Structures are given as C-alpha cells and as structure tokens.
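These notes are about the structure you will find just below.
The values are calculated or read from the model by the stated rules, or taken from the named source; none is laboratory data. Only a predicted model underlies this, so the values are computations on that prediction, with no experimental measurement involved. Cβ atoms come from the backbone with ideal geometry, glycine included; neighbour counts cover every protein chain shown.
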C-alpha cells in the first residue's frame, strides 16, 4: 500500500505534538521520520507531474507540427492531381497529331513548359516538406530521450536526498539519546548524593558505629537513589530527552515546512506553464 502524501494538516498536527511535553521523544522522532517519508511521496508526485506535463506538451507540439505538414502534404497531393489532369489534357490535344495552327501549337508548347515548371516546383516543395518532417521527427526523438534522461536524473538524487534525511534523523536521535542518558544518570545520582551530603552535614547519625563501612554511613544516599530510580527515573529521563530533542525537532520541522512550501510552488509553476491541474493528473 503506497504511503500517503504529506499535507498541511500533518505538519500542523506535528507542530501541536511538539508543544506537548508529555509526548515521548521516541514517538516524536518516529513521527518526524514518517513525515519525511510521506513528503518523499510529494516530491515523487512533483517529479512525475513535471515529466507527464512536459511529455504532454512535447507530444502536443509534435502533433501540431505534424498536422501542419500533413495539411501541406494534402495540399500538394491536390496540386499534383491537378497537374496530372493538365498533363492528360495536353496529351489529348496531341492525340490526333500536331495541329496545323501555329497559335494552337504555341499554346500547347507553353502549357507543356508550364506543366514541367510547375511539376518541378511541386517536387521541390514535396522534398522540402519531407525534409522538414524528417527534422521534426528527429528533434522529437531527441526531446523524448532528453526528457527520459531528465526523469532518471530526478529520481536518483531524490532517493539519495531522502535517504540522507533519514540517516540524519537517526544519527541525531542516537546522539541525543546518549546525551540524555548521561545527563539522566548524573541527575539521578546527583540528587540522592546532595540529599545525603545535606543530611550528613546536619548530623544525621549513621546506621552503624563502624563508620568505616560506606554503606552504613551513606544509607540515605542509597535509599534516595532507590526511591528516585523507582518513582522518578523514567520521568527524569523523558523530561531531559524532551528538552534536548525539542530544538532539533523544531528545526527539522521548519526545514520540512520550507520543503513542503517549495514543493507546492513548483506544482503551481508546472500547472501554469503547461495549463494542467495536479488534480487532473492524480485522478
């Protein structure tokens, strides 16, 4: 099943998700990756729309030129037929021999010369049209080849582009996760340590008179550490991860929004240049 294209509503929904601190950063990164994957569909649609529109314009232009020359060829055929009729008429005048009347003979000779001259003109015109048709056929073939090459040149960078986006998101998520884990460990250990130091400074007695044993001297630290690990550790990790991730996620969303707007501009440009609507294309 094809991935649906990205829409304005998708971007707005993700914008709202970023404003919610309770949202899991893991989910936010997964959603961001999904948005870029969906936008790849928009770019592919644009590439296909550009190709199809250019192909249609090319075919229409070629068909118009062919129609023009077909009309000229039809006109030439009509003139050749008229010329054939003149040749037949001239031959009929000589069927009963050479006329004695010099004026009649001069007219026949003049007509024959005119026929030869007109025939040469028609032959030249026919050759010129054939040459023009040959040229537009060659040009059309080259244009088709160029268009196909352009389409191939679009697809390869397009795939590489979104593969790079995915790699960047994965790398950023990995770095932020490692950093968040490190800070979380410091916080989770630091809070009990501070509490322990404060209580010891206030004179809280140790569990054992043998203060050389660290576990009895710093039992408050251990109790606080266990409580934080059980009750607050996940919230601390989640909050720190959100704080570290939000800037990157917002920047990535901004980049995606700019790409989305540029995509829409390009679609509007193609629609204007080729006088075709994207809605007609996707039917």
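Scan the stretch 85-101 and give yes if some residue there is on the phi > 0 side of the Ramachandran plot, loosely packed, with under 14 Cβ neighbours inside 10 Å and outside any helix (DSSP H, G or I), otherwise no. The answer is yes; a qualifying residue exists. Of 23, 9, all but one fail to be out of contact with any strand residue (DSSP E or B) (no Cβ under 6 Å at 6 or more places or on another chain), free of Cβ contacts under 8 Å to residues at least 40 places away in the same chain and either loosely packed, with under 12 Cβ neighbours inside 10 Å or not in a helix (DSSP H, G or I) (or both); the exception is 9.
Checking the structure you have, find out if any residue of the stretch 116-128 is within 27 Å of the chain's Cα centre (by Cα) and at pLDDT 80 or above. Don't jump to the end; show me each part of the working.
Of the residues in the stretch 116-128, the ones within 27 Å of the chain's Cα centre (by Cα) are none.
No, every residue in the stretch 116-128 fails to be within 27 Å of the chain's Cα centre (by Cα) and at pLDDT 80 or above.
Criterion applied to 136, 129, 115 was being within 26 Å of residue 87 (Cβ to Cβ) and touching a residue at least 60 places away in the same chain (Cβ under 8 Å), and the one residue passing it is 129.
Listed here are the helices (runs of 4 or more DSSP H) enclosed by the stretch 171-283 that have at least 1 residues being in contact with a helix residue (DSSP H, G or I) (Cβ under 7 Å, 6 or more places away or on another chain) and either at pLDDT 65 or above or surrounded by 12 or more Cβ atoms within 10 Å (Cβ to Cβ) (or both): 219-231, 233-274, 278-281. Per the listing 14, 51, the residue uniquely assigned to a helix (DSSP H, G or I), closer than 22 Å to residue 268 by Cα and touching a helix residue (DSSP H, G or I) at 6+ places or on another chain (Cβ under 9 Å) is 51.
The residue pairs whose first member lies in the stretch 160-181 and is more than 17 Å from residue 246 (Cβ to Cβ), whose second member is surrounded by 12 or more Cβ atoms within 10 Å (Cβ to Cβ), and whose beta carbons are closer than 7 Å, counting only pairs six or more residues apart or on different chains, are 162/36; 162/40; 165/36; 166/33; 166/36.
Set side by side, the residues 147, 122 differ, and just one is touching a residue at least 40 places away in the same chain (Cβ under 8 Å) and under 30 Å from residue 52 (Cα atoms), which is 147. Only one entry of 91, 120 meets the criterion of being within 30 Å of residue 65 (Cα to Cα) and out of contact with any strand residue (DSSP E or B) (no Cβ under 8 Å at 6 or more places or on another chain), and that entry is 120. The listed residues are 62, 51, and the only one of them that is crowded, with 16+ Cβ neighbours inside 10 Å, more than 22 Å from residue 163 (Cα to Cα), at pLDDT 90 or above and more than 25 Å from the chain's Cα centre (by Cα) turns out to be 62. Here residue 111 qualifies as at pLDDT below 90, in contact with a helix residue (DSSP H, G or I) (Cβ under 6 Å, 6 or more places away or on another chain) and surrounded by 14 or more Cβ atoms within 10 Å (Cβ to Cβ).
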